[in-house]
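Notes for the one structure printed next.
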Amino acid sequence: MTAEAHQKITALHLKRNAYLYVRQSTVRQVFENTESTQRQYALRQRAVALGWPEDRVIVIDTDLGISGASAVDRQGFQRLVAEVGMGRAGIVLGLEVSRLARNSTDWHRLLEICALTDTLILDEDGLYDPAHFNDRLLLGLKGTMSEAELHVLRGRLRGGIVNKARRGELRCRLPVGFVYDGAGRVVRDPDTQVQESVRVLFDTFARTGAAHATVKYFREQGLLYPTRLAAGPRKGEVAWAPLSLGRVASTLHNPWYAGAYAFGRCRSRKLPDGHVRHERLPASAWLALIRDAHPAYISWEEYERIQHRLEASAKAIATQLRQAPPREGPGLLQGRAVCGLCGQRMHIHYNTRRGGQLIPNYVCVGRGRLFGDPLCQSSWARRSMSPSARCSSRP
């Protein structure tokens, strides 16, 4: 450590704690890249050599196995930022910038807080004071390079995946009704019961023309629909469950049942709160579409007719909703009443009685909308007397 670096450390810094942040991106790295983890823990001795007592060096390693792309799920990083913001940290130690953050927003927020609270930052290359322009500039460049490195790595991995998918060679999670054979080719599930269930679904929709009617038919006939478990000790096995509206919609929209290899049908966007929103793309925006790639349950022409029918139904429902009157009325629990049987939020219907008075009726469709079951319950709101009627009723 140079004399200039020692001059940056003052008695005020030494009165506060030193925080060592340790992180690895994945659980696999924690178990396999042990040398990197040991190098990060060894920075504790650097803090001791700079003058901090060993009992004042606090190690934050609760983020081992968590990516640094966002601070939403990193409790350790959030704790570090809170400690710095409250002025308890004299120095923050990290092996390199990428250990602290792979996101420019999180990194520059930490730099700003460190500058305001006069907190130093130390990595493997040197000691920095974010309140000084030159140090701040260098730290900013390091953070940008760290984020760019993550972008390049993702781009390389994504490019290889997309290139393989465009050749139809990327193995994807198959929808129920298909399996891979010994040669790696997509074939129909050898279980005839599974095949028959898929065919009944498409035949029922062709006959009724509505996804909800398909769900209702399965319920009335006591039919179950197969699903392949994606996790757990029974991963890969077929389980049978009541058919839901979501399962019908995903099956009808899936081009794999028409014998097409499709990849990139959805786009994911990360929201500020850390949640991921999935957006379905039109067929023209798919990354890969290879028709007649494997045996099919329906023809491609039938698949296109189904899509047109579903689109027309969705437009009709949207038009009805746009033309519906505003949800106003005497009901005081609109959007607040919850069914005590299934936990779903109850809808409100208004009935006009004699004299034009609106009477609210709270109705729970429950599993009816998703599984075709009958209504859970409904409850009429008690009609309240008008102020004049209450006054006239007094003795």
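Ala131 fulfils the conditions (1) of a type in the set (A, V, I, L, M); (2) under 31 Å from the mean Cα position of the chain (by Cα); (3) closer than 22 Å to Leu50 by Cβ except for a single criterion, (2).
Among residues of region 117-139 that are under 24 Å from Ala42 (Cα atoms) and outside any loop (DSSP other than H, G, I, E, B), those with a Cβ under 7 angstrom from a residue that is open to solvent by less than 30 Å² (accessible area, probe 1.4 Å) and charged (D, E, K, R), sequence gap 6+ or separate chain, pair up as Leu120/Asp129; Tyr128/Asp135; Asp135/Asp129. When residues in region 98-135 are screened for being among the charged types (D, E, K, R), crowded, with 19+ Cβ neighbours inside 10 Å and more than 21 Å from Gly76 (Cβ to Cβ), 2 of them pass.
State yes or no: is Asp55 within 23 Å of Val276 (Cα to Cα) and not basic (Lys, Arg)? So Asp55 does not fit the description; no. I want to confirm something. Restricting to region 226-271 and keeping residues that are over 23 Å from Leu310 (Cα atoms) and among the basic types (Lys, Arg), which single residue is most open to solvent (accessible area, probe 1.4 Å)? Checked region 226-271; the qualifying residue most open to solvent (accessible area, probe 1.4 Å) is Lys235.
Of all the criteria given as (1) surrounded by fewer than 13 Cβ atoms within 10 Å (Cβ to Cβ); (2) over 27 Å from the mean Cα position of the chain (by Cα); (3) within 17 Å of Asp292 (Cα to Cα), the one not satisfied by Gly182 is (3). Highlighted here are the helices (runs of 4 or more DSSP H) found entirely within region 1-97 that include at least 1 residues which are out of contact with any Lys or Arg (no Cβ under 8 Å at 6 or more places or on another chain), open to solvent by less than 20 Å² (accessible area, probe 1.4 Å) and closer than 21 Å to Glu112 by Cα: 3-8, 11-15, 75-85. Among residues of region 42-67 that are free of Cβ contacts under 8 Å to residues at least 60 places away in the same chain and closer than 22 Å to Arg28 by Cα, those with a beta-carbon under 7 Å from a residue that is open to solvent by 50 Å² or more (accessible area, probe 1.4 Å) and charged (D, E, K, R) at least six positions away or on a different chain give the pairs Val59/Arg44; Ile60/Arg79; Ile66/Asp73. The number of residues in region 159-176 being exposed (fewer than 11 other Cβ atoms within 10 Å of the Cβ) and assigned to a helix (DSSP H, G or I) comes to 1. In summary, strands (runs of 3 or more DSSP E) completely within region 191-281 and bearing 2 or more residues that are modelled with pLDDT under 90 occur at 266-270, 276-280. Close Cβ contacts (under 6 Å, 6 or more residues apart or on different chains) running from residues in region 156-174 that are on the phi > 0 side of the Ramachandran plot to residues that are surrounded by 14 or more Cβ atoms within 10 Å (Cβ to Cβ) and modelled with pLDDT of 90 or more comprise Gly168/Tyr261; Gly168/Ile290; Gly168/Ala293.
The values are calculated or read from the model by the stated rules, or taken from the named source; none is laboratory data. Keep in mind the model is a prediction, meaning the values are calculated, not measured. No Cβ is skipped: glycine too gets one built from the backbone with ideal geometry, and neighbour counts run over all protein chains shown. Accessible surface is based on the protein model in full, side chains and every heavy atom, while ligands, DNA and RNA are left aside. Shrake-Rupley method; radii C 1.70, N 1.55, O 1.52, S 1.80 Å.
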